[in-house]
Every structure is written in structure tokens, then in C-alpha cells.
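These notes concern the structure reproduced below.
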Amino acid sequence: MSIEKNEEFRPKIVAFCCNWCSYAGADLAGSSRMSYSADVKIIRVPCSCRVNPMFILRAFERGADGVIMCGCHPGDCHYTSGNFYARRRMTLLFSMLDYIGVENGRTRVEWVSAAEGAKFSQTMHEFVDKITSLGKNVRLEDLRCRN
Amino acid sequence: MQRIGVFVCHCGTNIAGTVDVKKVVEMAAHEPGVVHAEDYAYMCSEAGQEKIHKAIKEKKLTGLVVCSCSPRMHETTFRNAAEKAGLNPYMVEIANIREHCSWIHKDMEEATEKAVILMRAAVAKVNLDAPLKPGESKVTKRALVIGGGIAGIQTALDIAEAGYPVDIVEKTPSIGGRMSQLDKTFPTLDCSSCILTPKMGEVNAHPLINIYTYSEVESVAGFVGDFTVEIRKKARSVDMNKCTGCGLCQEKCPSKKSLSEFNRGLSTRSAIYTPFAQAVPNVPVIDRDACIKFKTGKCGICSKVCQAGAIDYDQKDEIITEKYGAIVVATGFDMIKLDRYDEYAYSQSKDVITSLELERIMNAAGPTGGHLERLSDGKAPKEIVFIQCVGSRCADDRGKSYCSKICCMYTAKHAMLIRDKYPDTNVTVFYIDVRTPGKNFDEFYRRAVEDYGVNYIKGQVGKVIPQPNGKLLVQGADLIDSKQILKEADMVVLAAAIEPNEGVRKIATMLTASIDTNNFLTEAHAKLRPVESPTAGIFLSGVCQGPKDIPETVSQAGAAAVKAIGLLAKDKLLTNPCTAHSDELLCNGCSQCANVCPYGAITYEDKEVNDHGIRETRRIAVVNDALCQGCGACTVTCPSGAMDLQGFSNRQILAEVDAICR
Ligand SMILES: Cc1cc2nc3c(=O)[nH]c(=O)nc-3n(C[C@H](O)[C@H](O)[C@H](O)COP(=O)(O)OP(=O)(O)OC[C@H]3O[C@@H](n4cnc5c(N)ncnc54)[C@H](O)[C@@H]3O)c2cc1C
Ligand code: SF4
Ligand code: SF4
């Protein structure tokens, strides 16, 4: 079976950004006018450790094609240790997701500081490209949730 | 059901230029709970806030969504506006359609579509918002300044003058910082120690200032208004209270071969030493690595000669624990290491020096007694070449991408001072650009060129080659005359880039203050909050925030002091009400949450609960609101889903996810 390649494919991407570093990094990308795809939508959380695996599962279930979580660099967490928990949780979750068919490329963790607007935009570019090449997520989508 | 008002800001054309704001308003009207939607040119203005006020009153709104700039910009503005109209300030959500949308997208249709989605997510979140009430916390009326350079000194003086006690923690044996190493200072050429020493004396004598030298911050706990800091006072081996500062010990100490840090390794010092004559405090320390008594157990001369009986070989490091309301970071800078710039022969020739080494050589208290001479043979140099931007404005990762800002000016200063004192010495400066923005700065540079005949060549130096005759062959390019230049010099001075002092990353981590890739501390807002860290209660002073000269450092130091005073002057602070709470009926008292809480905010209590008619006593997690900082770690760890975070609840975030993926 060959998968039909749809030129018009616009991925749905959810980005969880911690308030102190990555959300601020995204703000800096904005004020420096460093563009990235409009397919990325950001949800602000206090810390990357607030990201419950449940949120990520829900996003895939609702038809997201990729989910990225951004936090402060390891060691620079505003709450000292939050991103270490997040890192461990995500490593486990992502390998489990991969196991059930949501490829590793659809999930990503990136550390972006408040001063790294360029890195934020660059990361989003890469991630959108990756998801676009992977195509639509069909593995976890709950069709009952489709509009 | 909430009654939500959606307010879409144009931000002039910043938003309206790329986002069809009318469309966003139109779409908002269809969202659940939305009973009012309007747009306005500047929502944050008086008139914009007036509109919000009016709508809250007239439409009896219970929640607001403002589609505007980042919440980091105006969340507080809109919360205050809501509160004024009698609405709980935490019933406000911001859809960031500027930084995260209009500013980064060009296509109107695409940007509008995204703005609508962001608006929907915010509406979904407000629908689940509940009124929150901030708690109160106390403010400890004492400030800590980390770093005793001119920045730290000035900040401490200003805070103390306002009537608040200040502690300075300085790593080295004396306060003073880099400025104490400088000879003369641009743009007026007054002597550095003549203007610094009185200030050092003033801090030392100030009844509200306490100086911990030879000390470092060991740990920081707590939060704005209530930090608990451990300070390690390293063993000085000299009793501060007994020592009279006579200096006899330093004279008699037989171990005299240690390199003087103060003179940048260009001279030696004894094992027991004060870094420089005007050191504050004027109490020596014993360098235990160099001291014969510590190495072999023999000697003890200093103790014998000390009339005051101040020498104490058994002194131990002391940990002092103190509470502070505000912390100012003033850890300053160092010059970069030059091992990656071997082409300038810095490690091969003693006559290739850095500008800071030149400051010491020109200084009367320096290694050569203030005589300009070659370190290799002690001869007076007749031909000196300065190379600017060594490691600054560097495109590759050998050096720093930024401009070190001070080098153009201090090089002009050095050139001028040399030409003034040694008129028969030729001075050539290789530069990429000469940057002189600052009061009387360009005039200063022009004096160097016009009045002192300094030869400025626009171009870079490719190589410095030490010659058998002891001279240095400088190979460079003159970009204006587009020709190669070969120059034999007696001395080459490198204006090396500056970088934040090592150890600042450790400090930033302890303070959870953000830091950029170059290790400069990040300000809360590059333009509007330049002396505050994004972490509340932490302020930035001096070069630790970015390269600057003394006048700029002093102004910033004053500004940081004012911000700290503003905090210390408050009796109470409102705490963030977005804290965690555990559901009594769901919690099974498993203790997992307490293990991940970085603030020790969670304890367990035996509580009587009524679970569907069954009354029993259960062990239940209880969060202390005053300690919880709202990170959310516990909420994800909780296996029974009992722990949730107010303001960022599971249901709210899921609703946002749903809205985005709709
Ligand atoms: C060669 C040269 C020439 C210059 N000439 C001029 C001039 O002519 N005119 C002018 O206006 N400016 C000049 N400057 C710039 C000037 O030196 C700086 O602007 C000024 O020293 C900055 O002060 P500061 O307090 O921010 O940093 P610093 O002077 O570096 O002071 C920082 C202090 O913090 C301490 N510290 C560091 N880390 C810690 C820690 N972890 N814990 C505790 N303490 C710590 C350090 O020991 C130091 O005492 C020159 C600079 C150089 C390099
Ligand atoms: S005991 Fe150590 S510091 Fe004292 S004189 Fe001897 S070598 Fe110097
Ligand atoms: S939210 Fe963070 S700070 Fe608050 S109780 Fe939970 S783990 Fe502790």
C-alpha cells in the first residue's frame, strides 16, 4: 500500500513552553521577527514538569501531528529541578509512543532559554519540516473527535 | 456558565497589520460562554482599559480574554483593569497574538487563522478559570550583593543610604574588582584608585554595610522577599578582629614565589598577602597552597612576628546563614583566555601582553613600578602595536560574537598615555571599527589621533611572529589603502574580549536566574526592565549583565539599588495564588508528591474525610500555599490524579489542547 502524498498537508503542532525560559524565548523570536510556521501553537505552562503525559496523549488523540515540549536548559530550571523530571518522563513516554506507532520524530524535547529566540525559531522550523515529512498522524487519532 | 468578554487589540498595526482583528472578533462571538467581543487600537491604553471596564460592568462579565501581546508584557495591566471593575484578576487570560503570531507570520489568512485558534484556546481556559486570591508573604529588610567590584560597591552604598542593611559577598580577599587594577580611566584620565579607594573606604565604614571578603555564596533557598542564603567564609588564617594591617608578616614570609593574581601573574607575592596596598579590608590571607607551614608543618614565622597575635593556622571555613529580601548580582568579568589565538604569539613572547596587563605595567604599584618596559629584557619599547577586537565580534566559535564595548576606548586611552609619557615611542592601533558612543568619547578618541599622533590603521592583524632579535613582526592589512603591512614592534598589546567571571553560571543556577549563551545574566525585559532578572527579587548590576564601562556600571548599579529598595520598602508581598492543591477524596497519601517538590511545600496530615457516606481518617497531602511556587511537578507525579494546580489545571490545559487540535 502506498500512502498518498498530500501537497496541502498542514500539520497540527502543539508546543508546550515553560513560562520562564521557552515561552520567553518564543517571545524573543517574535520581537526579533524570526518567523516559523503558523502550524505551531504554543501552550504556556509554568514549568516543563507541569506537562502531564496525559496532555500529549490527548493532543495525538485529538489529531495533533506532532508535540514538542520546551523548557529551560538542564540546570537552569526556574524551579531548580523541574526539567529533570520532565526529561525523564518524556523519555519514557516517547519511547512508549514510538512502540505503539507514534514515531519518535513526532515528539521532541528541546531546551530553549529566554535569550534563545533564534534557537526557538530554528527548532520550530526543523520540527515542522520533520512532521511534514512524516505526514498525518493516524495512529492515535480518535476519529470520534474529528469535526 | 461563564460570561466571557473577548478583547482583540490592534496594537496599532503590529497586530492588525497581519491579523484580521475583525474576523477574530467575529469568530469569538461563536465560542462557548462568550457574550461580548470587541476590538480596539490599543487595548492597554487608558481608553482600551476603559472599554474593558465598561463591558465588565454592562455585560456582567465573569471572565476576560485579551488577544494582544505576550502575557509577559501586559498580563498584569489587564488583571489590574479587571480588578478595578470588580472582577477577580485571575479570571483573565491572554491570547498572545503578537509575539507568537502577527510578528512572525506574513500571510494574513494564515496569521488570522492562528490568532482565532489562540483566542479559542484562551476562551476554553477562561471557561474553567476560578477566582483566586493571592496570599501574603513577608519581606526581610536586608539585601545581599554578590561581588564587590565598583558595581557591587555602588549598589551596596545606595541601598544602605536608603536605610537598609546590606551584606557584600566578595570572592577575593579584597573588594574593588577590576577597577582597582586599572591605572587611569577614560574619558577623563583620572587615576582609578584615587576615585575608587574613597568608595571602598566608605562601604567599609558604613554602619549598615557588612563585607564578607574571601567568601562565596554556598546555597540559596526561598524566594523574593525571603531568601535564605548560606555564605562560606573561607578560612583566612588571620583573625580579622586582631590584625592591625601592619604588613610585617608579608615582609617576613619566606615563601615569596606565588604569582600575584592582582598583577595578572606579572609579579610575585608572599604566601601571606593582601592583594594590593589599599585592600579593603586591610587584612591579609594565607594562601594555604603556598604556605610552608601548611605544606611542611615548619616555618610559622608570620605568627612569631605578628605583634597582634592575629595569625590563626587552625581557622576553619565558616558557614554563615542569613536571610535576605533582595539579592543583587554584581559578579563582573574577566578577560577571555587567549589559548585559541595563538597567531598573536601571546604564549610565545613575554612582550605580547593583554590590555589589562598593560594597565598593571603602567601603574606605579605594578610589576615594573609604572615604567613602560618590555617584560623580556626590561628595555623601553619604541614601537608598540595595539590589536583591537581580539576575540570580540568573532564570527566563529573561537571568540565571542559580541562587541566588548570598552576596548576601543581603553586602547585610545593607553595609546594616549604612552604618547604623553614617552613621546618618542610610536603607537600603531589596528582596528575593525572605532566605536565611541558616549559622552565625550569621540572627542577623546580624536585627541588620541590628532593631538597625540597615534597611528590608527583600519584592518586586522593576521600574525605576530617573534623574531630572533627579540622584536615582534606584525603582519597586518590596511583595508583603506588596501595593502599588506609588515611592522617590527617591540611590544604588542591585545585588547582581548571580556566575558562574565567564571562561576557566574553556578550563581545563576543557585538563584534560578536566567543566563544567556555567553554567560551574561538575562534581564527581565531587554528595554523596560534592564536591571531585574526574570526571577523576582534578583537584580543585576554591572558587567555581569553585559559589557560596560565604569560610568555605565555605576548608573546601572544605582538603578539596581533603586529596584531593590523598592522591594525592601514593602512590608508584605502578594504571593502567586497559582498553587497546587490535593483533592481529599482522591489522595491516597502515597508521598510521591512530597518527593518531587523542590520547596518542601507538601506535608501529610491525618484528616477525617467523608467518601460517599463512609467516614474515615486518611493520610492526605496538604500543600502549604506560602511555600508552593506553582511549578506543577507534584501534579504530574501524583498517581491518583489528586494533585492539581490552580490557574493551570489539568482540565484547563486539556481544554487548550482540544481547542488547538479542533
Ligand atoms: C583593560 C581594561 C581597561 C579598562 N579601562 C576603563 C576605563 O578607562 N574607563 C572605564 O570607564 N572603564 C574601563 N574598564 C571597564 C571597567 O573595568 C568595568 O566597567 C568595571 O570594572 C565593571 O565593574 P563590575 O563591578 O561590574 O565588575 P568587576 O570589576 O569585575 O567586579 C566584580 C567583582 O565580583 C567578584 N566576584 C566575581 N564572581 C564572584 C562570585 N562568584 N562570588 C563573589 N564575588 C565574585 C570579583 O572578584 C570582583 O571583585 C576597563 C576594563 C579593562 C579590562
Ligand atoms: S607560615 Fe605560611 S604564611 Fe606564615 S610566614 Fe610561613 S609561609 Fe608565610
Ligand atoms: S506545585 Fe511545585 S512547588 Fe507547589 S507543591 Fe507542587 S511540587 Fe511543590
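Of all positions in segment B:121-132, none carries a residue that is more than 26 Å from B:A580 (Cα to Cα), of a type outside the set (D, E) and either more than 14 Å from every other protein chain (Cβ to nearest Cβ) or within 36 Å of the chain's Cα centre (by Cα) (or both).
Which members of segment B:37-62 meet the condition of being surrounded by 15 or more Cβ atoms within 10 Å (Cβ to Cβ) and part of a helix (DSSP H, G or I)? Result: B:G48, B:Q49, B:K51, B:I52, B:H53, B:A55, B:I56.
Identify, please: which residue in segment A:41-52 is more than 15 Å from A:M90 (Cβ to Cβ) and within 16 Å of ligand 3 (Cβ to nearest atom) and is, among those, nearest to the other protein chains (Cβ to nearest Cβ)? Ranking the candidates gives A:P46 first. Remark: B:Q467 matches the filter, which requires a residue to be among the polar types (S, T, N, Q) and within 30 Å of B:S349 (Cβ to Cβ). Taking strands (runs of 3 or more DSSP E) as the structural unit, those lying wholly within segment B:99-194 and holding at least 1 residues that are surrounded by 22 or more Cβ atoms within 10 Å (Cβ to Cβ) correspond to B:143-146, B:166-169.
Only one residue in B:Q545, B:Q556 is over 30 Å from B:T617 (Cβ atoms), crowded, with 24+ Cβ neighbours inside 10 Å and out of contact with any Ser or Thr (no Cβ under 7 Å at 6 or more places or on another chain), so which one is that?
B:Q545
Among the residues making up segment B:246-275, those that are crowded, with 21+ Cβ neighbours inside 10 Å and either within 14 Å of chain A (Cβ to nearest Cβ) or within 16 Å of ligand 1 (Cβ to nearest atom) (or both) are B:F262, B:N263, B:Y273, B:T274. Exactly one residue out of B:T321, B:T331 is polar (S, T, N, Q) and either within 16 Å of ligand 2 (Cβ to nearest atom) or in contact with a Cys (Cβ under 9 Å, 6 or more places away or on another chain) (or both), and it is B:T331. At least 3 residues being away from chain A (no Cβ under 14 Å) is the threshold, and among the strands (runs of 3 or more DSSP E) wholly inside segment B:432-509 those reaching it are B:455-458, B:461-466, B:472-478, B:483-489, B:491-496.
Kindly evaluate B:D351 against the criterion of being away from ligand 1 (no atom under 16 Å from the Cβ), away from chain A (no Cβ under 14 Å) and in contact with a strand residue (DSSP E or B) (Cβ under 9 Å, 6 or more places away or on another chain).
Answer is yes for this residue.
The single condition among (1) closer than 26 Å to B:C597 by Cβ; (2) out of contact with any Cys (no Cβ under 7 Å at 6 or more places or on another chain); (3) facing another protein chain (nearest Cβ under 7 Å) that A:A38 does not satisfy is (1).
Give the residue, chosen from B:T512, B:T517, that is within 16 Å of ligand 3 (Cβ to nearest atom), β-branched (V, I, T) and outside the structural domain of B:A412 (by TED's automatic domain parsing).
B:T512
Residues that are touching a residue at least 24 places away in the same chain (Cβ under 8 Å) and either crowded, with 17+ Cβ neighbours inside 10 Å or not in a loop (DSSP other than H, G, I, E, B) (or both) were ranked within segment B:283-293; the one that is nearest to ligand 1 (Cβ to nearest atom) is B:V285.
The values are calculated or read from the model by the stated rules, or taken from the named source; none is laboratory data. Remember, it's a predicted structure, so these values are computed and weren't measured experimentally. Glycine gets a Cβ as well: all are built from the backbone with ideal geometry, and neighbour counts include every protein chain shown.
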